[in-house]
1. Quick check: is even one residue across segment 104-122 farther than 20 Å from Asp210 by Cα, more than 9 Å from the ligand (Cβ to nearest atom), within 15 Å of the chain's Cα centre (by Cα) and not in a helix (DSSP H, G or I)?
2. On the basis of being touching a residue at least 60 places away in the same chain (Cβ under 8 Å), more than 16 Å from the ligand (Cβ to nearest atom) and over 26 Å from Pro213 (Cβ atoms), does Asp58 make the cut?
3. Residues that are more than 16 Å from the ligand (Cβ to nearest atom) and either surrounded by fewer than 21 Cβ atoms within 10 Å (Cβ to Cβ) or within 20 Å of the chain's Cα centre (by Cα) (or both): which helices (runs of 4 or more DSSP H) entirely in segment 130-228 hold 3 or more of them?
4. Would you check if there is a residue in segment 262-274 being surrounded by fewer than 22 Cβ atoms within 10 Å (Cβ to Cβ) and within 13 Å of the ligand (Cβ to nearest atom)?
5. Are any of the residues in segment 299-309 part of a helix (DSSP H, G or I), farther than 20 Å from Asn99 by Cα, within 16 Å of the ligand (Cβ to nearest atom) and not hydrophobic (A, V, I, L, M, F, W, C)?
6. State which residue pairs qualify: first residue on the phi > 0 side of the Ramachandran plot and inside segment 234-260, second residue more than 7 Å from the ligand (Cβ to nearest atom) and among the β-branched types (Val, Ile, Thr) in any location, beta carbons under 8 Å apart, and separation of 6 or more residues or different chains.
7. Go through segment 229-247 and count every residue that is away from the ligand (no atom under 12 Å from the Cβ), surrounded by 24 or more Cβ atoms within 10 Å (Cβ to Cβ) and more than 18 Å from Leu179 (Cβ to Cβ).
8. Have a look at Val89, Val49, Val105, Val42 and point out the one that is out of contact with any Pro (no Cβ under 9 Å at 6 or more places or on another chain), surrounded by 14 or more Cβ atoms within 10 Å (Cβ to Cβ) and of a type in the set (Val, Ile, Thr).
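The values are calculated or read from the model by the stated rules, or taken from the named source; none is laboratory data. No experiment lies behind these values; they were computed from the predicted model shown. Every residue, glycine as well, gets a Cβ built from its backbone with ideal geometry; the counts of neighbours run over all protein chains shown.
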Amino acid sequence: MKTKKKDFHRRAIGSHVLKPETQMMGYGFDPSLSEGSLKPPVFLTSTFVFDSAEHGRDFFDMASGRRERSPGESEGLIYSRFNNPNMEVLEDRLTLWENSEMAVVYSSGMAAIFTAIMAHVKPGDVLIYSQPIYGGTETLLLNILPKWGIKAVGFAANDSKAAVDVAFEKAKALGPIGLALIETPANPTNGLVDIAYIAGKLKDERNSSDERPPLAVDNTFLGPVWQKPLEHGADIVLYSMTKYIGGHSDLVAGAAMGPKKYLKPMKALRGAIGNQIDPHTCWMTLRSLETLKIRMEKATDNAKIIAEYLRDHDKVEKVHYLGFLEPGSAAHSLYERQCLAPGSTFSFDVKGGQAEAFRFLNELSVLKLAVSLGGTETLISHPASTTHSGVPKDLREIAGVTDSLCRVSVGIEDAGDLIADLEQALAKI
Ligand SMILES: *Cc1c(COP(=O)(O)O)cnc(C)c1O
């Protein structure tokens, strides 16, 4: 019997475009290459055997960029620091969520962020970034990059356009802008940054190579299901896949998506320094992608129920949840333009200070006390004494990271169970 050759990179049936949640179960993997295995095996190998000496030469020519792939030719596997089937299937599937030309995966979110910076910024360039930003990123920008002559200038999420304009002038006074790096919504306060406005500002800038500096967006909090930065003018989308994409608090990984122009140099740098993901973690991440959308939907539904419960509780001062933005406010209209849902990580102030917050946190049992977010389980933390304890108290207070603030990452448990736990703990304050 003759069998028809299947296309494992098929994007549509006729004019019907397939959704990422459907494609996660098969896209980019040909079972016939793996004994008919439905799922990709874990390819625990450091190196790959060439069919011929000519193939080896061709693969190296393509991998090093000496020539482009011809139609129908495969790029070929060489060595697992450059590529590996698990890594390639994962990258192919990630492009679908972001509708991007290319995806490159990294050993952590920080590895993705650092590689984006090092691939696009030169000594003497200035980086402009939004604040607050993930603590690890802030450490890179303020303590590590200055050693290579790269300066950073910040502006606050929720800042007016005029304040962003002032930050751009301040940055330009120090040198050419090499890259803009923003995180929206910001952690832990959910302040928003206008992606399209920053993209528009960069149009008028030239970096030290006389090109428009790229805009990188850390989309860990809402993406890829609830926010699509490439549609708003971003050039590079960055992820800690440790959070929602991995989603089970059992792996550390990162990714970048975007057009080849910005991603190819990042892939080349990964090959040079070796911050790729190991095959097993790629496989775990592939499994997670199959349930990404339903996990994010359920967590988002739960978060709305929890946020509404907390808002109405007399021991709670204020809930900083994207679903509660004032209609008619600038933040609300930006939210409507940029975000598809409020997500499931938010913070709230209990009445009182650190003592009251600690008393409440210590009584919880279903909600686990831990940093990180985006897992199936609900996690709660006290940013002022943990993730943001390195920030001086006065700056913390300005950013809204008060001693009474608790951050919660709502999971996919039964919402009633979570409320029962919150209820008994709030009663002890
Ligand atoms: C966790 C996180 C990171 C760092 O990611 P790792 O996978 O821990 O390296 C970067 N940005 C944001 C917004 C994060 O939440």
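1. Here is the first cut: in segment 104-122, the ones farther than 20 Å from Asp210 by Cα are 104-115.
Among the residues that remain, those that are also more than 9 Å from the ligand (Cβ to nearest atom) are: 104-105, 114-115.
This time we only want the ones that are within 15 Å of the chain's Cα centre (by Cα), so: 104-105, 114-115.
Within this subset, residues satisfying the condition of being not in a helix (DSSP H, G or I) are 104-105.
So far as segment 104-122 goes, yes, one or more of its residues are farther than 20 Å from Asp210 by Cα, more than 9 Å from the ligand (Cβ to nearest atom), within 15 Å of the chain's Cα centre (by Cα) and not in a helix (DSSP H, G or I).
2. On the way: touching a residue at least 60 places away in the same chain (Cβ under 8 Å): no; more than 16 Å from the ligand (Cβ to nearest atom): yes; over 26 Å from Pro213 (Cβ atoms): yes.
Here the answer is no, as Asp58 does not meet what is asked.
3. Details: elements: 135-139, 161-174, 195-202.
Answer list for segment 130-228: 161-174, 195-202.
4. No.
5. no
6. Partner pairs satisfying both residue conditions: Gly247/Thr291; Gly247/Thr376; Ser249/Thr376; Gly258/Ile236; Gly258/Val237.
7. Number of matching residues: 1.
8. Working: Val89 fails: out of contact with any Pro (no Cβ under 9 Å at 6 or more places or on another chain); Val49 fails: surrounded by 14 or more Cβ atoms within 10 Å (Cβ to Cβ); Val42 fails: out of contact with any Pro (no Cβ under 9 Å at 6 or more places or on another chain).
Answer to the selection: Val105.
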